[in-house]
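The next block holds one structure in the form of structure tokens; read it before the comments.
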Amino acid sequence: MKKKVFRLIGLLLIVMMATTSLSFAATSKQTPITKPAVTVKNIDNNYLKVSWSKRTKAVKYNVYRATSKSGTYKKIAATTRTYYNDKTVDNNKTYYYKVKALGKSSKYNSKMSIPKSGKISFAGEIRVSKEYFNLTPENPSFKI
């Protein structure tokens, strides 16, 4: 009789320890961060503002840019903010952006976002009155 009681208690202890460790493992496991949703806006035909949705558990974001949708994306910024102002764009040229959210550990990083595009299109003209004004890169000078 004593042997049966000890076996039963031993079996119960094993079952309790197994379920406790399983429930602990389930609660401590982290899942990867979901990829951000990206938007690109032309700001006064001066620069492109790339913004994305904040991701829980992300500690920073990497911003990548290409000149074609399926082209090679190069990292242009790393930031803790949820936007990046790209002021290095050329007029009438389309740029494509992807963002990746980074966690504390690389195994929790998000996948790259879906690419979004934007371009600036300055079609105005610059007028200068008075006598002389020169904006060429070779000889920047002005006289009034």
Given the condition part of a loop (DSSP other than H, G, I, E, B), open to solvent by 90 Å² or more (accessible area, probe 1.4 Å) and at pLDDT below 95, answer yes or no: does some residue in segment 73-89 qualify? no
Thr136 is checked against (1) open to solvent by 90 Å² or more (accessible area, probe 1.4 Å); (2) modelled with pLDDT under 95 and fails just one. What number does that condition carry? (1)
Is there a residue in segment 20-38 that is part of a strand (DSSP E or B) and either at pLDDT 60 or above or open to solvent by less than 90 Å² (accessible area, probe 1.4 Å) (or both)? yes
Would it be correct to say that Thr67 is modelled with pLDDT under 65 and either more than 16 Å from the chain's Cα centre (by Cα) or open to solvent by less than 60 Å² (accessible area, probe 1.4 Å) (or both)? no
Among (1) open to solvent by 100 Å² or more (accessible area, probe 1.4 Å); (2) of a type outside the set (Phe, Trp, Tyr); (3) over 27 Å from Asp44 (Cα atoms), the one test that Ser110 misses: (1)
Of those in segment 41-64 that are over 16 Å from Tyr95 (Cα atoms), in contact (Cβ under 8 Å) with a residue 40 or more places away in the chain and outside any strand (DSSP E or B), the residue most open to solvent (accessible area, probe 1.4 Å) is Lys57
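The values are calculated or read from the model by the stated rules, or taken from the named source; none is laboratory data. On a predicted model such as this, the values are computed, not experimentally measured, just so you know. Quick reminder, even Gly has a Cβ in these numbers, built from the backbone with ideal geometry, and neighbours come from all protein chains shown. The area values use the complete protein model at the heavy-atom level, side chains included, leaving out ligands, DNA and RNA. Shrake-Rupley method; radii C 1.70, N 1.55, O 1.52, S 1.80 Å.
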